[in-house]
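Read the figures in this text as sums done on the coordinates, not as results from a lab. Bear in mind the structure is a predicted one, so any value in this text is a computation, not a measurement.
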């Protein structure tokens, strides 16, 4: 990934696992309390994926779940096992600051020998249609995140899964997100 501006890097570090207050500048606790945000629970029987880590599961294993997505991207890759009883799905709660890198994750998925893969990238909503990006500061942060972080991830996932096999899902800056993928490879990103 290319070098981020100091301003962008500080922004991403501050909100890695937190919802971003309106305009990125209000007191976080005050903003969360005002909007009545709640923490969601991991579905029963699912394995939790911690920030900065990825887990791959076989068809017979429980679903995967991760929560607390602020500015950190989430990635789901699912497909057909390359070997009998092999891995059919991965969930990666990527940290832009530390932990497993996108390159390490791609290598892990390739080593699983899974075929017919599809990828889902889950990020904060950097699109110009997101009303939160009408503020000049947030537009600058969104443009920087898309250019320096999320765009290069899409490129690497496209190389892994193939053209037309990478979907995007978004959550607002003002909300923490969560992802899960069940035993039948049905996924959620909310």
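Some observations on this one:
- Distant alpha-carbon pairs in the range 127-190 (separation over 16 angstrom), percent: 60 percent
- A straight chain from residue 188 to residue 140 at 0.36 nm per residue would run longer than the Cα-Cα distance by 14.4 nm.
- Binning the C-alpha pair distances of the range 40-115 at 5 Å intervals from 0 yields a P(r) profile of 3, 17, 26, 24, 17, 10, 2, 0 %, listed from the shortest bin outward.
- Every pair of different Cα atoms in the range 66-190 enters the Kirkwood calculation, which places the hydrodynamic radius at 15.0 Å.
- Entry note, the range 75-133: relative contact order of 43 percent, from Cα contacts under 8 Å with a spacing of 6+ residues.
- Gained length - residue 7 relative to residue 61, 0.36 nm times residue gap less alpha-carbon distance: 15.3 nm
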